[in-house]
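Please read the structure below before turning to the comments.
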Amino acid sequence: MKYPNTRSDKLSEGPLDSRTVIGFYHVDLAYDDQKAVDNVSFTVPNGEFLCLTGPSGAGKSSILRLIAMDAFPTKGEVMVRGMLSSKMSRRKVPRLRREIGFVFQDFRLLEDRSVEDNISFVQLVVGIPRAQIVTNNMRVLTQVGLYDKRHRLPRQLSGGEQQRVAIARAMVNSPKILLADEPTGNLDPVTAQEIIDLLFRINDSGTSVIFSTHDHGIVKSFGQRVIVMNDGRITSDEKRRVPVDRSVSLADRMYRATGRKDIVNA
Amino acid sequence: MLNRAQSAHLIRESFAGFHRRKLTTGVTILIMGSALLVLAILTLATLNMGHMLESARAGIDMRVFLNDGLGPERMAALQPRLLAIPGVQKVAWISPETALGQFKEGLGEDAEIVDLLDANPLPASYHLTMTPGARNQESVEKVREEIAVWEEVSEILFNQGWIDALESWTFRFRMASLVVGLIVFVAAVFVISNTVKLTMASSARIIQIQKLVGATNAFIRTPYLCEGMIQGLLAGILAMGLLAAAGYVLNDRLGGLVFFTGGQIAGFILFCVVLGLTGSYSAMRKYLTMQSEI
């Protein structure tokens with residue numbers, strides 16, 4: 001696929017493809033003199049599940065920061081939901097963030113607030129009325145299986161449960177994009193697979209998911225598009241033809257992903 | 001425009017910090033209160049010293065002795081002329097008899113000596129009291145110069161040494177107040193600002209997460225600013241309460257101690273609220289401009 005070369009190439013008129021929710025066009029990102037992203041170009045159509053992989057320091061997190069407009073390209077252009085990085089003011093960033101859900105390896109929950117308050121907060125930010133917040137909380141917490149634990153503080157939950165709260169928080173405002181940065185990094189393989197399943201379910205509802213991981217086992221279990229990065233560059237961008245077989249048992253998929261029978265039999 | 005849920009959230013969050021960070025908030029208020037107490041003590045000391053100096057200045061007066069042989073009408077005519085001089089507040093006529101009585105009173109047990117005199121040697125005089133604004137060396141000197149040329153006047157006396165000393169002490173006191181006040185003020189602001197920053201540091205991660213989920217800076221900042229204002233208010237009340245208690249105890253021993261008026265107390269507490277607000281605002285800026293560390 002050919003990407004426009006400069007900022008003047010029609011980008012200001014909007015995305016090249018109306019289905020494109022994220023577009024990277026010859027993007028460089030440098031911290032001081034260190035290049036974290038080097039001439040990266042790719043687009044993500046609406047509803048895609050994209051797996052971003054590569055070793056630590058490959059530039060995966062920088063790609064996510066660029067999508068969240070937490071960092072801005074030193075060269076090139078990033079387009080997210082029709083908003084261009086070159087035209088993005090700091091004041092507009094919160095508006096963009098409300099259309100993106102975030103899930104992190106370290107959960108990033110508000111530690112001093114209950115599960116329910118964590119979910120409520122993102123809704124208060126966008127101005128959802130109280131009655132609607134209560135209904136939404138019930139819906140998402142039931143979906144992630146934590147409604148009974150809604151009054152607990154994050155530290156009173158297991159790692160997997162905390163990650164499910166983070167996912168509930170990410171999906172409650174029905175974001176168009178979900179960024180998951182090593183969301184399974186702190187979890188055991190079974191819980192990790194549960195989290196991945198949850199992300200697939202979110203993707204099924206039409207949300208584009210960008211899933212970053214350095215775990216090859218997890219990547220292998222994916223039947224979706226996988227971008228491999230190294231030293232800030234894209235080394236491969238492969239769209240797998242065979243979709244993941246959701247009918248395969250969790251135990252089988254875990255075995256395929258990890259190659260460890262002890263986990264499966266546990 | 002905020003909806004009801006958002007407004008309720010911001011109000012609740014403004015007070016929630018006190019519950020969530022009991023120890024940090026308690027220590028912050030204590031440190032702020034101590035710094036403000038030092039500032040209040042200095043302000044009160046300045047106020048009392050100023051009051052004492054002003055009382056001392058009230059003693060600045062002038063005696064205008066008249067020549068012998070002036071008729072009562074001529075002497076009486078001097079009174080309006082003296083009152084018309086700028087800086088003169090009050091003029092009191094002292095007849096030779098009154099002057100003698102005062103003199104005898106001053107002699108105490110030796111007053112009988114005066115009875116040995118054949119005639120009253122004391123001249124008639126006027127006692128001038130200066131207006132508060134004219135109780136200084138320059139103004140007194142001007143009045144003296146104006147009266148000295150009058151032919152009815154034989155002598156003018158005023159407490160030159162006292163005025164000189166008072167002028168010198170007033171200058172030194174003002175300089176010392178200014179320097180010490182400035183140092184204490186800067187120190188108080190520094191201590192308060194750093195204490196608030198410490199509170200903020202404990203909330204840095206929470207602020208980052210709030211930014212990440214799309215909260216605007218104003219939405220994040222408002223509860224912290226309110227919290228800073230409440231902390232300032234409580235610290236101000238603490239400082240003023242401690243000072244009032246100390247003043248109550250010391251007043252019996254020192255007597256005549258001047259305390260802040262209601263308006264001054266309100267002003268001081270308002271100053272503390274503004275201090276808490278600005279401390280929080282400057283501390284917040286650092287965290288709001290930080291990146292989200294995705």
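Taken together, the residues in region A:100-122 that are under 19 Å from A:Ile177 (Cα atoms), within 8 Å of another protein chain (Cβ to nearest Cβ) and of a type outside the set (A, V, I, L, M, F, W, C) amount to 1. Looking across region A:152-162 at every residue that is among the polar types (S, T, N, Q) and surrounded by fewer than 21 Cβ atoms within 10 Å (Cβ to Cβ), the one that is nearest to the other protein chains (Cβ to nearest Cβ) is identified as A:Gln156. Comparison of B:Gly232, B:Gly214, B:Gly236 shows that the only residue that is surrounded by 21 or more Cβ atoms within 10 Å (Cβ to Cβ), out of contact with any strand residue (DSSP E or B) (no Cβ under 6 Å at 6 or more places or on another chain) and within 14 Å of another protein chain (Cβ to nearest Cβ) is B:Gly214. You will find that of A:Val134, A:Val172, A:Val125, A:Val165, the residue that is within 14 Å of chain B (Cβ to nearest Cβ) and modelled with pLDDT under 90 is A:Val125 and no other. Taken over region B:53-69, the criterion of being in contact with a His (Cβ under 9 Å, 6 or more places away or on another chain) and closer than 18 Å to B:Gly161 by Cβ is satisfied by B:Asp61, B:Met62, B:Arg63.
Scanning region A:48-99 for residues that are in contact with a Leu (Cβ under 7 Å, 6 or more places away or on another chain) and facing another protein chain (nearest Cβ under 8 Å) turns up A:Leu64, A:Ala68, A:Ala71, A:Arg97.
Being out of contact with any helix residue (DSSP H, G or I) (no Cβ under 8 Å at 6 or more places or on another chain) and loosely packed, with under 14 Cβ neighbours inside 10 Å holds for only one residue in B:Glu54, B:Glu97, and it is B:Glu97. Checked against (1) modelled with pLDDT of 85 or more; (2) closer than 26 Å to B:Leu23 by Cβ; (3) among the small types (Gly, Ala, Ser), B:Ala246 passes all but a single condition, namely (2).
Can you confirm whether B:Ile237 is of a type in the set (A, V, I, L, M) and touching a Phe, Trp or Tyr at 6+ places or on another chain (Cβ under 8 Å)? Before you say what the answer is, go through the steps one by one.
Numbers: of a type in the set (A, V, I, L, M): yes; touching a Phe, Trp or Tyr at 6+ places or on another chain (Cβ under 8 Å): no.
No: the conditions fail for B:Ile237.
For A:Asp252, state whether it is in a helix (DSSP H, G or I), touching a helix residue (DSSP H, G or I) at 6+ places or on another chain (Cβ under 9 Å), at pLDDT below 85 and not aliphatic (A, V, I, L, M).
Spelling it out, A:Asp252 is indeed in a helix (DSSP H, G or I), touching a helix residue (DSSP H, G or I) at 6+ places or on another chain (Cβ under 9 Å), at pLDDT below 85 and not aliphatic (A, V, I, L, M).
Among the residues of region A:113-129, the ones that are surrounded by fewer than 19 Cβ atoms within 10 Å (Cβ to Cβ) and in contact with a Lys or Arg (Cβ under 7 Å, 6 or more places away or on another chain) come to 2 in all.
The numbered conditions (1) surrounded by fewer than 20 Cβ atoms within 10 Å (Cβ to Cβ); (2) of a type in the set (Ser, Thr, Tyr); (3) more than 24 Å from B:Ser34 (Cα to Cα) are all true for B:Tyr287 except (1). Under the condition of being closer than 10 Å to B:Gly17 by Cβ and at pLDDT 85 or above, the residues counted in region B:199-223 number 1. Only one entry of A:Gly223, A:Gly206 meets the criterion of being part of a loop (DSSP other than H, G, I, E, B), surrounded by fewer than 18 Cβ atoms within 10 Å (Cβ to Cβ) and at pLDDT 85 or above, and that entry is A:Gly206.
For region A:177-184, the condition holds for no residue, the condition being that it is of a type in the set (D, E, K, R), crowded, with 16+ Cβ neighbours inside 10 Å and closer than 30 Å to B:Ala8 by Cβ. Scanning for something in contact (Cβ under 8 Å) with a residue 12 or more places away in the chain, farther than 24 Å from A:Glu99 by Cα, of a type in the set (A, V, I, L, M, F, W, C) and out of contact with any strand residue (DSSP E or B) (no Cβ under 6 Å at 6 or more places or on another chain), does region A:156-164 turn up at least one residue? Within region A:156-164 (the criterion being in contact (Cβ under 8 Å) with a residue 12 or more places away in the chain, farther than 24 Å from A:Glu99 by Cα, of a type in the set (A, V, I, L, M, F, W, C) and out of contact with any strand residue (DSSP E or B) (no Cβ under 6 Å at 6 or more places or on another chain)), the answer is yes, since at least one residue qualifies.
For (1) in contact (Cβ under 8 Å) with a residue 12 or more places away in the chain; (2) over 14 Å from the mean Cα position of the chain (by Cα); (3) surrounded by 21 or more Cβ atoms within 10 Å (Cβ to Cβ); (4) closer than 24 Å to A:Val21 by Cβ, each residue gets a yes or a no:
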| residue | (1), (2), (3), (4) |
| --- | --- |
| A:Met138 | no, yes, no, no |
| A:Gly145 | yes, yes, no, no |
| A:Arg150 | yes, yes, no, no |
| A:Ala170 | yes, no, yes, yes |
| A:Val190 | yes, yes, no, no |
| A:Phe200 | yes, no, no, yes |
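If the condition is being of a type in the set (D, E, K, R) and in contact with a Lys or Arg (Cβ under 7 Å, 6 or more places away or on another chain), then region A:73-93 contributes A:Glu77, A:Arg81. Which one is nearest to the other protein chains (Cβ to nearest Cβ), of the residues in region B:5-24 that are free of Cβ contacts under 8 Å to residues at least 60 places away in the same chain and among the small types (Gly, Ala, Ser)? So the residue we want is B:Ala5.
Test of understanding: among B:Val184, B:Val196, which residue is in a helix (DSSP H, G or I) and in contact with a Gly (Cβ under 9 Å, 6 or more places away or on another chain)? Break it down into steps so the answer makes sense when it comes.
Values: B:Val184 fails: in contact with a Gly (Cβ under 9 Å, 6 or more places away or on another chain).
Within the list B:Val184, B:Val196, the selection yields B:Val196.
The values are calculated or read from the model by the stated rules, or taken from the named source; none is laboratory data. Not measured: the values here are computed from a predicted model. Virtual Cβ from ideal backbone geometry, glycine too; neighbours counted across all protein chains shown.
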